[in-house]
Amino acid sequence: NPLGVSTLLYAVELFQYRQAQGRRVVVDGGEEVLRTLHERGYKLGIISNIIGENEVPDWLEEEELDQCFSAVILSSVCHQRKPSPDIYLTACKALGVAPEDCVSVADNIKRDIPGAKKAGIGCNIIFDSPEKRHPVVFDDETRPDVVITEFWELLDLLPTLQKEL
């Protein structure tokens, strides 16, 4: 595995808010990527700084993606928010994995990377989606391990896990 992690894809920023329609949709290729990673043996979790308690779970169920996720950690429920490392550690505990065995896939360097790094997350990936119009400048605190511009690139980075005998 080129990323050196073996258990989990974690904190996926997999939806985009469509202002005109006022609804969330999966990023291009997102559904296929998530289902493939789940089939490859990765535990998937979501961490979201969200006010409501039902929006993300309801949306996952509506998109029939809820069975792909082992944990959904919402700031409104656990009373922790990114960039605090605590919300990442809560997700690790819920998934039963060590932070160093996790990959964080996120889209906001200031909100997502510092907390994940402080929590000891093994690999931090930024999804720099085309919807972002501003240039991203990294510093030591916000520098990810990998930058992707297409969600499907995760499939090249995260091969099928070897099953323990």
| said: In Å², and per residue, what accessible area does segment 38-152 have when probed at 1.4 Å with the other protein chains present? | reply: 51 Å²
| task | Compute the Cα gyration tensor for segment 26-156, then decide on rounded, prolate or oblate, letting a ≥ b ≥ c be the square roots of its eigenvalues: rounded whenever a/c is under 1.5, prolate when a/b is larger than b/c in the other cases, and oblate in all that remain. | result | rounded
| remark: Whole-percent carbon and sulfur contribution to the accessible surface of segment 35-165 (1.4 Å, no ligands, DNA or RNA) stands at 49 percent
| said: Need one value: the accessible area of residue 107 in square angstrom, 1.4 angstrom probe, rounded to the nearest 10. | reply: 40 Å²
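The values are calculated or read from the model by the stated rules, or taken from the named source; none is laboratory data. What you see is a predicted model; the values in this text were computed from it and never measured. Only protein heavy atoms, including side chains, enter the accessible area calculation; ligands, DNA and RNA are left aside. Shrake-Rupley method; radii C 1.70, N 1.55, O 1.52, S 1.80 Å.
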